[in-house]
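Take a look at the structure set out below.
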Amino acid sequence: MSAFYVTTPIYYVNARPHLGHAYTTIVADSLKRFYRMLGQDARMLTGTDEHGDKIVKAAQAVGKNPKEFVDEISADFASMWDDLRIDHDQFIRTTDESHKKAVQVLLQRIYDKGDIYHGEYGGHYCFGCERFYTEKELEDGLCPQHQTKPEFISEKNYFFKMSKYQEWLKKHIADNPDFIRPERYRNEVLSMLEGNVLEDLCISRPKSRLEWGIELPFDKDYVCYVWFDALANYISALGWPENEADEAGLFSRYWPAEHLVAKDILKPHGIFWPTMLKSADLPLFKHLNVHGYWLIKDTKMSKSLGNVVDPRFAAEHFGLDAFRYFLLRDMHFGSDASYSEEALINRINSDLANDLGNLFSRVLSMNAKYFGKIMPALGTLSVEDEVLFEDAENSAKNYVQLFQEVRFSQALDSLWEPVRAMNKYVDSQAPWTLFKEGNMERLGTVIRVLMENMYKVSYLLWPVMPTSSVMMQEQLGKTFSDKNLNAKVFEDLLASRIHLRTGSEVAEASNLFPRMEKVEPAQKIEKKSSEKAAQNVKNDKSGSKAKNDKQEGENTMQEIEYADFQKLDLRVGTILKAERHPDADKLLRFDVDLGEEEPRQIISGIAEFFEPADLVGKKVVVVANLPPRKLRGLMSHGMILTAESGTDLSLLTTDAANGATVS
Ligand code: ME8
């Protein structure tokens, strides 16, 4: 069985956990579950970073000794992860004895190799960052991260010869394009390596100045620099160095890791860590996956700015699974994203209540009414049924691929395509009419086609929404146990259309994702709630305000938020070329000029309505900000809008210039 090992940063214990920490940890948890779903032996590590000046200062500020202080805040992180039901396998603390020993072995190994030397150094030291800055790196004499004036410190210290590995690292990054991803962070690291000669890394602090650290094995007057200590956690947690040669040990089984960090700690992970590993003759990590910041009104959320969101409160108030979905869906991994109560409610209402929740509630209540809660049989499939199955199969494949590329938002968007298609399918198949006509065989087929595809979506959602996924599967008459996950089961999930059992009992109703009302003032959600923080996050739905979903047969026009409409980037473009898709009868392939550098390729399922030659030269409206996706082997980047009336379909045309925006 292949193995997968995901890590979060080990968080500083100078502040309590907030949404930023929760995001990385929830992503790690989702990735671990995703690889378990694929049948892999997946492991997750998180923990706390407890040495260094920063911690000593934070402890002094509250009148505690460092040990007492770190025990308390580390326990706070651990209990946060329990409350958010994070499925980590290990919680490491850099004050653990086994970790301290591992750091000393690593230091000694690099020292013995001749890559550590003793020298004099004077520099601008930022206590917040725990590092020296060169004159050039400062912005107006201030630390670029903290905007505070660093202290000039001159002392004898030990240095790691990082510069020795500069060319090697550049080549490694150039040869392995996704070693650091997304690409913008790879480029950032490459530009750090390109212009200047890397400075050697000061890896010690004299005990006369700082005692709270790991003693250097080759000089008891010094402790180890906190970053050198902290980075080693990723291997010390696996039992390194004791089991380095043991093929059955954790280190051989799980290393190399998949690291998750935000962009604030790109340099230590992108430069210090690979050079340390190289010097110690250890294999490098698999990927460094770097995400952006959660912002509050355009400003980074941070304890020092006092604008932190308490994840416990958000999870409890909105439901843990809904909160997880929002975090993965609203942040494009790599870019910054804004957190607000409004954005969270909008996302819950549009994707979970309107799309997914409404689908479950309509289909289950129809089944209860027409078939007495019993799963109907699948009859002959119509063209529409085939299309739905095929589209859902493609979306599932895209989802799996995008998740592996850590493009969670796009992955979830892909999974929502069949959800939205199923809601439309209910409308077009009008089961209530089939019932009135007494066409029970076709009615059963329609319901069964829906339920099979709902099942697939529910299952695939398990990594992101574990509790809701299991509940949805149970509503469809299936039990789920993560103990039964394996590669064969997953292969079968993707490859087969039929997973449910004719005649089995299914739930008669579903109200998993009630609409959220905007009743809470924003400050209430965004402020830290100490009473709530003490409570466990209980039921996913606790505290939510339910409103009945639409039922079958009702006018199903769904309301969306104005802000949702504003997210659409509608643009005018000219069709330069139109032809049939080589591998799909229903699809046309277009080149459309949207006033960009190059025409876009768009694949559209409208072949049965038009002759391709008739469409060339038409000025159409395109949804331009959909992520690219593959349709029957060809990438499609955008969607051409059409207008439907009965069985007629026409293109939405205009005279406006290419690239003009439609609003
Ligand atoms: O840097 N948005 O610890 P740290 C997104 N101990 N993620 C955020 C965030 C925000 N606004 N704020 C924090 C350290 N994070 C070191 C790490 S690892 C060997 C040592 C998350 O407590 C994000 O993952 O400052 C970021 O990289 C991390 O918390 C920084 O945590």
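The values are calculated or read from the model by the stated rules, or taken from the named source; none is laboratory data. Keep in mind that this is a model prediction, so the values were computed, not measured. As a convention, Cβ positions derive from the backbone with ideal geometry for all residues, glycine included, and neighbour counts pool all protein chains shown.
Return the residues of the stretch 463-480 that are within 23 Å of the chain's Cα centre (by Cα) and of a type in the set (Gly, Ala, Ser); say none if nothing qualifies.
Ser468, Ser469, listed by residue number.
Among the residues of the stretch 425-462, write down those that are hydroxyl-bearing (Ser, Thr, Tyr) and either surrounded by 24 or more Cβ atoms within 10 Å (Cβ to Cβ) or within 37 Å of the chain's Cα centre (by Cα) (or both).
Here is the first cut: in the stretch 425-462, the residues hydroxyl-bearing (Ser, Thr, Tyr) are 425, 428, 433, 445, 455, 458-459.
Residues satisfying the conditions are Tyr425, Ser428, Thr445, Tyr455, Ser458, Tyr459.
If you check every pair at least six apart or on different chains, which have Cβ atoms under 6 Å apart with a residue in the stretch 1-15 that is among the hydroxyl-bearing types (Ser, Thr, Tyr) first and a residue that is near the ligand (Cβ under 6 Å from one of its atoms) second?
Thr8/Thr24; Tyr11/His21; Tyr12/Asp49
Could you tell me whether any residue of the stretch 214-225 is at pLDDT below 95 and out of contact with any Cys (no Cβ under 6 Å at 6 or more places or on another chain)?
Yes - at least one qualifying residue is present in the stretch 214-225.
When you scan the stretch 1-45, how many residues do you find that are of a type in the set (S, T, N, Q) and closer than 17 Å to Phe326 by Cβ?
Start the filter on the stretch 1-45 by keeping residues that are of a type in the set (S, T, N, Q), which leaves 2, 7-8, 14, 24-25, 30, 40.
Now narrow it down to the ones that are closer than 17 Å to Phe326 by Cβ: 24-25, 30.
Of the residues in the stretch 1-45, 3 are of a type in the set (S, T, N, Q) and closer than 17 Å to Phe326 by Cβ.
Give the residue, chosen from Ser468, Ser395, Ser414, that is in contact with a strand residue (DSSP E or B) (Cβ under 7 Å, 6 or more places away or on another chain), polar (S, T, N, Q) and surrounded by 22 or more Cβ atoms within 10 Å (Cβ to Cβ). So that I can check it myself, show each step before the final result.
Numbers: Ser468 fails: in contact with a strand residue (DSSP E or B) (Cβ under 7 Å, 6 or more places away or on another chain); Ser395 fails: in contact with a strand residue (DSSP E or B) (Cβ under 7 Å, 6 or more places away or on another chain).
Checking each option against the conditions leaves just Ser414.
Of all the helices (runs of 4 or more DSSP H) wholly in the stretch 1-119, which have at least 3 residues that are at pLDDT 95 or above, in contact with a helix residue (DSSP H, G or I) (Cβ under 8 Å, 6 or more places away or on another chain) and more than 12 Å from the ligand (Cβ to nearest atom)?
Details: elements: 19-37, 53-61, 66-83, 97-112.
It comes to 19-37, 66-83, 97-112.
Per-residue answers, yes or no, for (1) of a type outside the set (Lys, Arg); (2) surrounded by 13 or more Cβ atoms within 10 Å (Cβ to Cβ); (3) within 36 Å of the chain's Cα centre (by Cα); (4) not in a strand (DSSP E or B):
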residue: Gly123; (1), (2), (3), (4): yes, yes, no, no
residue: Gly128; (1), (2), (3), (4): yes, yes, yes, yes
residue: Gln145; (1), (2), (3), (4): yes, yes, yes, yes
residue: Thr148; (1), (2), (3), (4): yes, yes, yes, yes
residue: Ser154; (1), (2), (3), (4): yes, no, no, no
residue: Asn157; (1), (2), (3), (4): yes, yes, no, no
residue: Lys164; (1), (2), (3), (4): no, yes, yes, yes
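Determine if the stretch 188-198 includes at least one residue that is surrounded by 15 or more Cβ atoms within 10 Å (Cβ to Cβ) and within 16 Å of the ligand (Cβ to nearest atom).
Yes - at least one qualifying residue is present in the stretch 188-198.
If you scan the stretch 399-419, which residues turn out to be over 15 Å from the mean Cα position of the chain (by Cα) and either among the charged types (D, E, K, R) or farther than 16 Å from Asp330 by Cα (or both)?
Initial filter on the stretch 399-419 (over 15 Å from the mean Cα position of the chain (by Cα)): 416-419.
The answer is Glu417, Pro418, Val419.
For the stretch 392-434, how many residues are free of Cβ contacts under 8 Å to residues at least 40 places away in the same chain and within 17 Å of Arg448 (Cβ to Cβ)?
Qualifying residue count for the region: 4.
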